[in-house]
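The values are calculated or read from the model by the stated rules, or taken from the named source; none is laboratory data. Quick caveat: nothing in here was measured; it's all calculated off a predicted structure. No Cβ is skipped: glycine too gets one built from the backbone with ideal geometry, and neighbour counts run over all protein chains shown. Note: accessible area is taken over every heavy atom of the protein model, side chains too, but ligands, DNA and RNA are not part of it. Shrake-Rupley method; radii C 1.70, N 1.55, O 1.52, S 1.80 Å.
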Amino acid sequence: MRGIMEMKKVELHFHTDESSRCGKVPAKDGVRMYIEQGYAGLAVTDHFSEYACGKEGPWEDICSRFLEGWRLAKETAESAGSGFQVYLGMEIRFPHDENDFLVYGMTEEFFQKYPWIYEKELPDLYQIAEKEGLTIIQAHPFRSVCFPADPECLHGIEIFNGNPRHDSHNDLARALGEQAGLPGTAGSDFHQVQDLASCCVGFEKLPEDGQELAEAIRQGRFTREIFRGI
């Protein structure tokens, strides 16, 4: 297999100041930082839940606020003219616990088609994902407030989470992924400048859109590289 330096590096876990209340870096600055680090793309995975987005007001307004960070990131990449790809994702949480799930492959239309999706449950999302070609990855399953979800409702496990302010017990996550026989992803969980580029996944061919990204992740067609131990 080709070395990671020959691959197209992509960040799979990235939050913006505009759409995640815990995000501290504006989308345009985050994109520029990753371009400078030699990445070929990133997935904007802002928090999407009742806690993060609320349950009052028109659903269209909630979705517009959620999508703002991704839209600004995409505009910045397009203006840079470097071929840098920005994919639409989300980090969704359901009401009954504090587990988080990274989802890839949706379009803007998804949010209008499935209103109040974060008030449902993981099995509901899995059924939708199978219908719509989405990929569901459990994020940091061994943080103190999290626990492993039913692997029958997942397409992969985040086996390395680079956020330096949390102990994500990445060793346990890696073992879980191996036991479940699911692809294991890596993400910096970027919220602040110090989170930048702790790891990446690499693709021989850069996915052209979010749907290609979701399919490649689901099929395990990527490599992982850890740049900073957590």
Residue that is farthest from LEU67 (Cα to Cα), among those in the range 6-45 that are among the small types (Gly, Ala, Ser) and not in a loop (DSSP other than H, G, I, E, B): GLY41
Which listed residue, of GLU68, GLU60, GLU56, GLU75, is in a loop (DSSP other than H, G, I, E, B), surrounded by fewer than 22 Cβ atoms within 10 Å (Cβ to Cβ), acidic (Asp, Glu) and more than 15 Å from the chain's Cα centre (by Cα): GLU56
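Could you say which residue among GLY202, GLY177 is closer than 18 Å to GLY162 by Cβ, open to solvent by less than 30 Å² (accessible area, probe 1.4 Å) and in a helix (DSSP H, G or I)?
The unique qualifying residue is GLY177.
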Scope the range 72-130; condition closer than 30 Å to GLU36 by Cα and polar (S, T, N, Q); matching residues: THR76, SER79, SER82, GLN85, THR107
Residue check for GLY187: open to solvent by less than 10 Å² (accessible area, probe 1.4 Å) and touching a Leu at 6+ places or on another chain (Cβ under 7 Å): yes
Given (1) in contact with a strand residue (DSSP E or B) (Cβ under 9 Å, 6 or more places away or on another chain); (2) surrounded by fewer than 21 Cβ atoms within 10 Å (Cβ to Cβ); (3) in contact (Cβ under 8 Å) with a residue 40 or more places away in the chain, number of the condition ILE217 does not satisfy: (2)
Residue count, the range 23-40 (criterion: open to solvent by 10 Å² or more (accessible area, probe 1.4 Å) and in contact with a strand residue (DSSP E or B) (Cβ under 7 Å, 6 or more places away or on another chain)): 3
Residue among LEU182, LEU172 that is at pLDDT 95 or above, open to solvent by 20 Å² or more (accessible area, probe 1.4 Å) and assigned to a loop (DSSP other than H, G, I, E, B): LEU182
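Residues are listed down the side, and each one gets a yes or a no for (1) small (Gly, Ala, Ser); (2) closer than 19 Å to ALA52 by Cα; (3) touching a residue at least 12 places away in the same chain (Cβ under 8 Å):
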position	(1), (2), (3)
SER64	yes, yes, no
LEU67	no, yes, yes
TRP70	no, yes, yes
LYS74	no, no, yes
GLU78	no, no, no
GLY81	yes, no, no
GLN85	no, no, yes
GLY89	yes, yes, yes
Some residue of the range 63-76 being of a type outside the set (Lys, Arg) and touching a Leu at 6+ places or on another chain (Cβ under 7 Å): yes
Some residue of the range 137-160 being open to solvent by less than 30 Å² (accessible area, probe 1.4 Å), in a loop (DSSP other than H, G, I, E, B) and touching a Gly at 6+ places or on another chain (Cβ under 8 Å): no
Pairs with Cβ under 7 Å, 6+ apart, first in the range 102-119 and acidic (Asp, Glu), second surrounded by 12 or more Cβ atoms within 10 Å (Cβ to Cβ): GLU108/LEU67; GLU119/GLU50; GLU119/PRO95
When residues of the range 84-126 are limited to those that are acidic (Asp, Glu) and closer than 20 Å to GLY184 by Cα, the one surrounded by the most Cβ atoms within 10 Å (Cβ to Cβ): ASP100
First in the range 1-13 and at pLDDT 55 or above, second anywhere and basic (Lys, Arg), Cβ under 9 Å, 6 or more apart: LYS8/LYS205
Filtered residue count, the range 41-53, keeping only those that are open to solvent by 60 Å² or more (accessible area, probe 1.4 Å) and not charged (D, E, K, R): 1
